[in-house]
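Read-outs: derived from the displayed coordinates by stated rules, not from any lab. Values in this document were obtained by computation on a predicted structure and should not be read as measured data. FYI the Cβ positions are ideal-geometry reconstructions off the backbone, even for glycines, and counts take in every protein chain you see.
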Amino acid sequence: MLHIYNTLSRTKEPLKTAEPGKVRMYVCGMTVYDFCHLGHARMLVSFDVVQRWLRASGYAVTYVRNITDIDDKIIRRAVETNRRLGEVTRFYIDAMHADELALGVAPPDAEPRATEHVGDMLSIISRLEDKGLAYRSEDGDVNFAVRNFPGYGKLSGRSLDDLRAGERVAVSAGKHDPLDFVLWKAAKVDEPPESKWDSDYGQGRPGWHIECSAMSKALLGLPLDIHGGGPDLKFPHHENEIAQSEGAFGGALASIWMHCGPLMVDADKMSKSLGNFRTIRATISAEASLPDDQANYNANPREAEMLRFFIVRNHYRSPQNYTPDNLLDAQNALDRLYQALQNVPPAQVEINWDHPSAKAFRQAMDDDFNSSGAIAVLFELASEANRSGSAEVSGLLRALGGLLGLLQSDPAAYLRSASRYQRGVAAASSLSAEDVDALVVARSVAKKARDFAEADRIRDVLHAEGIELEDKPGGITQWRRA
């Protein structure tokens, strides 16, 4: 049985869904005012692996991941660039989708936008006001009265006296308590007209937290089977979601809460606020730079799969450290798996879950989506395929890798493609695949003419460019980039 670590209970629990065989999963998505960075990549890939394994386990999954398309940062970006809000959000939504496509992240079943559900948010705010959990402040905002909700703090595990207002919880003179958070923000004169909606509270816009309470209920109903997000959302965002949803409707908002671990840079979490972030596109695009007005781009497939592998080979809850050397190590490790597939062409196989390796893979994934343990099984299969030459073993390697979104490219094409994350250097070989093919042919001609000095010279030239040759029976030479 699949067990998942529940942030709320702080234990691993068996997955028990509201409807047998069905999973309703809601994950908090992006605020679309800038390009996605590697911390976002970790969240996107981690929950993509989750939904893949749930489906592989026989569940009918409805996966919803929202888009925040109204927010202070979006408004600032629109004002700074003299663009309308919709132009800003459309551009960065397209950019996010391009990143997801490159990383092999399947689109969610639904991708609601906050601006499409303002009416639902106002309805919840009204219910909260009727129950004494929301109040209108002197500055025109509507706030949630945190101390009127007895369960506040249960997700983060901190008492009210220990809690502090989070990054997006502005403290204003209109709040009864510093921990109270805004549900509805009164419009300001200098804000764009498209950032304002009419309501019984006057013109304004929703606070950040209320949007997910509205969208999750509207699309999935309550309780959710799984609610997930990045590590920084536990408090205040998810804590506030619980207060809003459970305060308005009673019962539990979600049965299981999942949070992926942080991506670290020099002991700090990668984030835009710290300025230590690296974008997905800068990491996996062979282009030296990208124009600011380009949402889509040509990602390097080998580097993109390397980044996915880099994320998947760590357990989703553990802190993960980003360094260029770690990306290089991930590239080398992934290459070894593809080399096994090239050495032993895989047969098309249906996964036999009674096979010892398949059993070990399932046991790892059923233990809180332990993809690190599952990756270890793939390396064992690669070693077995190389030893035995079994096409069935190689086929099982490929099939199990596919459940993690890995190893689906043609091995020869993959190993011949360039990557900047090779041999510890920043740039790949200057030789194109056509250049290498021509030199391999020239070497073959030299060997047939018994000009072994020229054949060795060509091999040395290719080796210096990071090209590895492997002579096969019958005069066939395979090559790959180091």
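Using a cutoff of 8 angstrom between alpha carbon atoms and counting only pairs six or more residues apart, the relative contact order for the chain works out to 16 percent. Let a ≥ b ≥ c be the square roots of the eigenvalues of the Cα gyration tensor of segment 300-416; is it rounded (a/c under 1.5), or, if not, prolate (a/b larger than b/c) or oblate? Since a/c reaches 1.5 but b/c is at least a/b, the shape of segment 300-416 is classed as oblate. Helices meeting the span-like rule in the chain (full DSSP H runs, Cα extent of at least 20 Å along the helix axis, mean Kyte-Doolittle score of 0.5 or higher) are absent. Put in order of Cβ neighbour count within 10 Å, fewest first, the listed residues Thr323, Thr31 become Thr323, Thr31. Of the chymotrypsin sites (Phe, Trp or Tyr not before Pro) found in segment 277-359, those in coil by DSSP whose Cβ has at most 12 other Cβ atoms within 10 Å are Trp353. Remark: Asp130, Asp109 ranked as Asp130, Asp109, counting other beta-carbon atoms within 10 Å and listing the fewest first.
Give Lys131/Lys217; Lys175/Lys217; Lys188/Lys269 a once-over and call out the pairs whose C-alpha atoms are over 23 Å from each other. Checking Cα-Cα distances, Lys175/Lys217; Lys188/Lys269 exceed 23 Å.
For Leu403, neighbours were defined as the other residues whose beta-carbon sits under 10 Å from its Cβ, and their charges (Lys and Arg +1, Asp and Glu -1) total +3.
Would you mind ranking Leu122, Leu469 by Cβ crowding within 10 Å, fewest neighbours first?
Details: Leu122 22, Leu469 16.
Listed from fewest to most nearby Cβ atoms, that is Leu469, Leu122.
Taking the charge dipole of the chain about its Cα centre, with +1 at Lys and Arg Cβ atoms and -1 at Asp and Glu Cβ atoms, the residue from Gly405, Asn370, Gly153 reaching farthest to the positive side is Asn370.
For segment 213-363, what is the relative contact order in percent, using Cα pairs closer than 8 Å and at least 6 residues apart in sequence?
On the way: 120 pairs, mean separation 28.6, N = 151.
Relative contact order here is 19 percent.
Rounded to the nearest 5, the antiparallel percentage of DSSP beta bridges internal to the chain is 55%. By the gyration tensor of its Cα atoms, with a ≥ b ≥ c the square roots of the eigenvalues, what is the shape of segment 433-481: rounded for a/c under 1.5, prolate for a/b over b/c, or oblate? Because a/c hits 1.5 or more and a/b fails to exceed b/c, segment 433-481 counts as oblate. Checking every one of the GluC sites (Glu not before Pro) in segment 323-389 against DSSP loop status and a limit of 16 other Cβ atoms within 10 Å picks out Glu350.
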